[in-house]
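As structure tokens, the structure follows; a few thoughts come after it.
The values are calculated or read from the model by the stated rules, or taken from the named source; none is laboratory data. These numbers were taken from a predicted model, which means no experiment stands behind them. Neighbour counts run over all protein chains shown; Cβ positions are idealised from the backbone, glycine included. When the accessible area is computed, the model is the full protein with side chains, heavy atoms only, and any ligands, DNA or RNA have been set aside. Shrake-Rupley method; radii C 1.70, N 1.55, O 1.52, S 1.80 Å.
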Amino acid sequence: MKTIRVFGLVVVMAMLFNACSESATGVADEEIMASEEVKSSEIAALLGDSCNFSADINDADIDGLLLMREEEKFAHDVYVTLYATHGLPVFNNISKSETAHTSAILYLINGFGLEDPYLEGVGNYSNETFTVFYAQLSEQGKTSVAEALKVGAFIEEYDIADLKNRIDATENETLKRVYGNLLRGSTFHLKAFSAVLNAMGESYTPTVISQEEYEEILSGNSDGDNSDSSSTFVPGTGICDGTGPNF
């Protein structure tokens, strides 16, 4: 991740959150619905391997894979931390999906013979940027239920933007397939966090993707949430469908 991009994201996060209500009245039913949507959209039988590791990948592809491995772990770590703090099922369910996502990236890293940057332990990363982000966002999310959900929504919109950029930048079809399916998962996650916020009488304003794209995601009309989009979501039950290897 280039320095200018890191600086920009730090500025965005510093400006992101406003004070909001801690009332959780009426959230329970919406949490269940959101959690079930996440599970139904991402958990599938894993039958066979559709990856092609003989295709060329360039340095940018490699850098992207290593970064995404830690980016997905970062999301998982924040969510398990916020679940421990607030006990909201939506964080527990989505953290499990992030485990599947980071496992899918690991399978690619191993398949292409790359060195895995993964470090064991919540909040530990080879890329120091994620160490800083984890500390910032987990502390922000601990302040209230609403803040926690806004942290989750922010992480997902950042992930959506990053995945779309990587899909556009790579010529490798295996990477496009996995990134496309991870993108679809992130749109479901963003919708889930937004649904719980709405049930609390709170709203979310995106800062990474546009308001128009955010509204399209919520309505189910975005590319990442469209199973007919050949450039992003590629349905299937193979390891390279973005759900990860058997684990």
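Structure data summary
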{"quantity": "Any hit, segment 142-154, residues being assigned to a helix (DSSP H, G or I), of a type in the set (Val, Ile, Thr) and open to solvent by less than 20 Å² (accessible area, probe 1.4 Å)", "calculated": "yes"}
{"quantity": "Residue check, Asp168 in contact with a His (Cβ under 9 Å, 6 or more places away or on another chain), charged (D, E, K, R) and within 30 Å of Phe53 (Cα to Cα)", "calculated": "no"}
{"quantity": "Residue match in segment 177-194 (condition: modelled with pLDDT of 95 or more, open to solvent by 10 Å² or more (accessible area, probe 1.4 Å) and not in a helix (DSSP H, G or I))", "calculated": "no"}
{"quantity": "Residue that is surrounded by the most Cβ atoms within 10 Å (Cβ to Cβ) [pool: residues in segment 204-229 that are in a loop (DSSP other than H, G, I, E, B) and modelled with pLDDT under 95]", "calculated": "Ser222"}
